[in-house]
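Reviewing the structure listed below.
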Amino acid sequence: MIQKEYKEKLLADQIDQLSEREKQVFFLLMKGYSNQEIARELILSKHTIKNHINSVFQKLEVGRRSQLIAKFSHFL
């Protein structure tokens, strides 16, 4: 149990590294939004959203959406 709490704390710390905009993108990704839906929701260009997603993936050490969801699914 302690190991699980430690892992969750580490993952929460990773999320805390994200900028406010990256956190918004992160949570929309976790809800299954597409790039276009995120762009529309946040009133940004699709290109800007791609940049934010790449930054989120890099900071959270994942390569694609499925890895992100698997790694952080308990934050939903």
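The values are calculated or read from the model by the stated rules, or taken from the named source; none is laboratory data. Bear in mind that the values here come from a model prediction, so they are computed numbers and not experimental data. Note that we place each Cβ from the backbone using ideal geometry, even for glycine, and neighbour counts take in every protein chain shown. Surface accessibility is based on the protein's heavy atoms, side chains included, excluding ligands, DNA and RNA. Shrake-Rupley method; radii C 1.70, N 1.55, O 1.52, S 1.80 Å.
Remark: the chain carries a charge dipole of roughly 260 debye about the Cα centre, counting +1 on each Lys and Arg Cβ and -1 on each Asp and Glu Cβ. Hey, quick one: spin label on residue 69, modelled 7 Å out along Cα-Cβ, who in the range 1-34 has an amide N within reach, i.e. under 11 Å? Backbone N within reach: 29-34.
Couplings 3J(HN,Hα) for the range 26-43, derived from phi with the Karplus relation 6.51 cos²θ - 1.76 cosθ + 1.60 (θ = phi - 60°), are 3, 5, 5, 4, 5, 7, x, 5, 7, 4, 5, 5, 5, 4, 5, 4, 9, 6 Hz, where x marks Gly and Pro. The calculated 222 nm mean residue ellipticity attributable to helices in the chain amounts to -23000 deg cm²/dmol, summing -39500 (n - 2.57) over DSSP H runs of n ≥ 4 and dividing by all residues.
Extension gain, residue 30 to residue 6, is 6.5 nm, computed as 0.36 nm per intervening residue step minus the present C-alpha separation. Other residues with beta-carbon under 15 Å from the beta-carbon of residue 45 carry, at +1 per Lys or Arg and -1 per Asp or Glu, a net charge of +2. Taking all protein chains as present, what is the carbon and sulfur share of the accessible area of the chain, in % to the nearest whole number, probe 1.4 Å? Within the chain, the accessible surface is 52 percent carbon and sulfur. Among the listed pairs 7/71; 23/46; 7/59; 4/59; 9/59; 23/50, which have their C-alpha atoms separated by more than 19 angstrom in this model? In this structure, 4/59 exceed 19 Å between Cα atoms.
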